[in-house]
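What follows is a set of notes on a single structure, which appears directly below.
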Amino acid sequence: MKKLSFLVLLTIFFAYSGWAGTIDPNIPDEKYIEYGKAFNYVVSLCGKTEDDSRYCASAVIIKPKYILTAAHVVKGVVSGEITVDGKKYAIEYFHYPKEYDSNKFGFYDIAIGKLKEPVELEFYPPLYVNNDEAGKVCCISGFGLTGTFNTGARLSDNRRRAGSNIVDHIDKDLLICSPSKDKLKTSLEFLIASGDSGGL
């Protein structure tokens, strides 16, 4: 699978640095929360795994009855539901590429889910079909942990945040971003954390 799309950017970002899931400490958190309101198609996804534990992540509504998320989020789950404006929508099934292997980080980490009932939105984001992401500004949105570049991701408040960054380079099928310290900085610098997987 070639480079996927900005739509599933958080599905395939690196989230291992100490900065992951964080915001610029010089910008009020409220600005990231306010910007997140523009991404109503990015939703919280929660459910139960085979061992009866609870998981939560993010997903993107791409059609009235379909969502995209990360394969590593839904592999081994038995149920799932998204929440839109306080209403819960059950997932009928998840499907991900048979080539996905959790031991081979960076490949085929994408999944589609079919909803039992439709979610009607005015806009559904299209897939990014080009492969020229390096050096471009990208939007990032999800429901994951939050914190600043100084503290790291610490807080879980189940609020959608959004920000931006510049794609540094591409590694395997991964779009790599880092805090823009020695390069042009975006106005709402943002990186992902646990729980943002599957978002935009």
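May I ask you to list the residues in region 178-200 that are over 21 Å from residue 72 (Cα atoms), among the aliphatic types (A, V, I, L, M) and buried (at least 18 other Cβ atoms within 10 Å of the Cβ)?
188
Quick check: anything in region 26-39 open to solvent by 70 Å² or more (accessible area, probe 1.4 Å) and more than 25 Å from residue 187 (Cα to Cα)?
The answer is no; no qualifying residue exists.
Yes or no: residue 55 in a strand (DSSP E or B), open to solvent by 10 Å² or more (accessible area, probe 1.4 Å) and not hydrophobic (A, V, I, L, M, F, W, C)?
Yes; evaluated as a whole, the condition is true for this residue.
Could you grab me the full set of residues in region 83-106 that are over 14 Å from residue 197 (Cβ atoms) and either among the β-branched types (Val, Ile, Thr) or open to solvent by less than 80 Å² (accessible area, probe 1.4 Å) (or both)?
Across region 83-106, the qualifying residues are 83, 84, 86, 89, 90, 91, 97, 101.
Among (1) closer than 22 Å to residue 48 by Cα; (2) surrounded by fewer than 18 Cβ atoms within 10 Å (Cβ to Cβ); (3) over 17 Å from the mean Cα position of the chain (by Cα), there is one condition residue 115 misses while meeting the rest; what is its number?
Tallying (1) closer than 22 Å to residue 48 by Cα; (2) surrounded by fewer than 18 Cβ atoms within 10 Å (Cβ to Cβ); (3) over 17 Å from the mean Cα position of the chain (by Cα), residue 115 fails exactly one: (2).
I'd like to check something: does region 163-177 contain any residue that is at positive phi and surrounded by fewer than 16 Cβ atoms within 10 Å (Cβ to Cβ)?
Yes: one or more hits.
Residues that are modelled with pLDDT of 90 or more: find the strands (runs of 3 or more DSSP E) completely inside region 82-200 holding 1 or more of those.
87-95, 111-115, 137-142, 161-166
Test each condition in (1) open to solvent by 20 Å² or more (accessible area, probe 1.4 Å); (2) closer than 30 Å to residue 188 by Cα for residue 49 and report the one that comes out false.
(2)
The values are calculated or read from the model by the stated rules, or taken from the named source; none is laboratory data. Nothing here was measured: the structure is a model prediction, and the numbers come from that model. Methodologically, a virtual Cβ is constructed for each residue, glycine included, from the backbone with ideal geometry; neighbour enumeration extends over all protein chains shown. Side chains included, ligands, DNA and RNA excluded: accessible areas come from the protein's heavy atoms. Shrake-Rupley method; radii C 1.70, N 1.55, O 1.52, S 1.80 Å.
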